[in-house]
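Asker: The structure's right below; bear with me while I get my questions together.
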Amino acid sequence: MTDDQIIKWLPIAFPFIFAGMWLLVTTLMGVMSGWFSLQQWYADDGDEEPLLKLGWQSGVMGLGVNLNGVLTLAALRSGLSIRMWRVFGPFQKPLLIPWTEITAEPSRSFFTRM
C-alpha cells in the first residue's frame with residue numbers, strides 16, 4: 001500500500017482498530033485480575049436490593065490490575081456485590097461475594113493501622 005492509500009483508509013479503519021484493541025485490553029485485564037475466574041464461582045444475578053451502594057470506587061485485583069474509579073460496590077444481605085462499568089469490562093459479569101467468604105486482616109500504610 002502506498003502512503004496515499006493508507007491515509008485514505010485510516011479514517012475508516014481507525015474505529016474498528018480502536019474497538020478491537022479496546023476489547024483485547026479489557027479482556028486481558030479481566031484475565032490478569034482474576035475476574036473471569038471469580039465470576040464462575042460468584043456470579044451476581046442482580047435480584048437482591050442493595051442496603052448500601054457506593055459508586056466510583058477503586059481497587060486492585062490479581063496481578064496488580066488497578067481498577068481506578070470504575071467499580072460499584074453494594075452491600076447486600078447475602079454478601080458484597082462488585083460491578084465494573086460496562087465500558088471498562090464488557091465481558092466481566094457482576095460478582096456477589098458471600099459474607100462468609102470475606103475476611104479482614106490488619107495492615108499498616110505509612111505508619112497508620114488499617
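Asker: With every protein chain kept in place and ligands, DNA and RNA left out, what is the accessible area per residue of the range 4-95? Probe 1.4 Å, answer in Å².
Answerer: On the way: 6320 Å² over 92 residues.
It amounts to 69 Å² per residue over the range 4-95.
Asker: Counting residues in the chain as N, plug N into 2.2 N^0.38 Å and put the Cα Rg over that result.
Answerer: Numbers: Rg = 19.1 Å, N = 114, 2.2 N^0.38 = 13.3 Å.
So the chain has a normalised radius of gyration of 1.44.
Asker: To the nearest 500 deg cm²/dmol, what mean residue ellipticity at 222 nm is calculated for the chain from DSSP H runs of n ≥ 4 alone, each contributing -39,500 (n - 2.57), summed and divided by the residues?
Answerer: Details: 2 runs with 38 residues, N = 114.
Theoretical 222 nm ellipticity from helices: -11500 deg cm²/dmol.
Asker: To continue, here is another question. Per 5 Å bin from zero, what fraction in whole % of the C-alpha pairs of the range 20-87 is there, up to the bin with the longest pair?
Answerer: 4, 15, 24, 27, 19, 8, 3, 1
Asker: Local charge sum around Trp41 (other residues, Cβ-Cβ under 13 Å, Lys/Arg +1, Asp/Glu -1)? Present the calculation step by step, with values, prior to reporting the outcome.
Answerer: Details: positive: Lys93; negative: Asp44, Glu101.
So the surrounding residues net to -1.
Asker: Sort the range 58-113 into rounded, prolate or oblate with this rule: let a ≥ b ≥ c be the square roots of the eigenvalues of the Cα gyration tensor; rounded if a/c is under 1.5, and if a/c is not under 1.5, prolate when a/b is larger than b/c, oblate otherwise. Mind dumping the intermediate values first?
Answerer: Numbers: a/c = 2.34, a/b = 1.26, b/c = 1.86.
The shape class here is oblate.
Asker: While we're looking at this one, here's another question. Where in the range 55-114 are there trypsin sites (Lys or Arg not before Pro) that are in a DSSP coil and have at most 14 other Cβ atoms within 10 angstrom of their Cβ?
Answerer: Details: sites: Arg77, Arg83, Arg86, Arg108, Arg113; in loops: Arg77, Arg86.
Of the trypsin sites (Lys or Arg not before Pro), the ones in loops of the range 55-114 whose Cβ has at most 14 other Cβ atoms within 10 Å are Arg77, Arg86.
Asker: Residue separation times 0.36 nm, minus the C-alpha to C-alpha distance between Val31 and Asp45: what's the value?
Answerer: Difference between extended and current length: 2.9 nm.
Asker: Let me ask you something else. When the chain is fully extended, how far beyond the present Cα-Cα distance does Ser109 get from Leu54, taking 0.36 nm per residue of separation? Write out the running numbers ahead of the final one.
Answerer: Working: separation 55, 0.36 × 55 = 19.80 nm, distance 2.33 nm.
Full extension from Ser109 to Leu54 adds 17.5 nm.
Asker: Continuing with this model, one more query. Pairing the Cα long axis of helix 3-33 with the longest principal axis of the chain, what angle in degrees results, from 0 to 90 and rounded to the nearest 10?
Answerer: Rounded to the nearest ten degrees, it is 20.
Asker: Another question, then. Cβ under 9 Å from Leu73's Cβ, Leu73 left aside: what net charge do those residues give with Lys, Arg +1 and Asp, Glu -1? Spell out each step's value before the answer.
Answerer: Numbers: positive: Lys53, Arg83; negative: none.
Neighbour charge sum, excluding Leu73 itself: +2.
Asker: On to the next question. Show the residues, 5+ positions off or on another chain, whose built amide H is closer than 5 Å to the amide H of Leu80.
Answerer: Those qualifying (amide H under 5 Å, at least 5 residues apart or on another chain) are Ile97, Trp99.
Asker: Sort Lys8, Lys93 by heavy-atom solvent-accessible area, probe 1.4 angstrom, most to least.
Answerer: Working: Lys8 140, Lys93 115 Å².
So, going from the largest accessible area down, we get Lys8, Lys93.
Asker: Let me ask you something else. In debye, nearest 20, what is the charge dipole magnitude of the range 13-106 about its Cα centre with +1 on Lys and Arg Cβ and -1 on Asp and Glu Cβ, if you could check? Mind showing how you got there, number by number?
Answerer: Values: 5 positive and 7 negative charges, 61 e Å.
With Lys and Arg at +1 and Asp and Glu at -1, about 300 debye.
The values are calculated or read from the model by the stated rules, or taken from the named source; none is laboratory data. All values reported here derive from a predicted model rather than from experimental measurement. Virtual Cβ from ideal backbone geometry, glycine too; neighbours counted across all protein chains shown. For the accessible areas, the whole protein counts, side chains as well, though only heavy atoms, and no ligand, DNA or RNA atoms are used. Shrake-Rupley method; radii C 1.70, N 1.55, O 1.52, S 1.80 Å.
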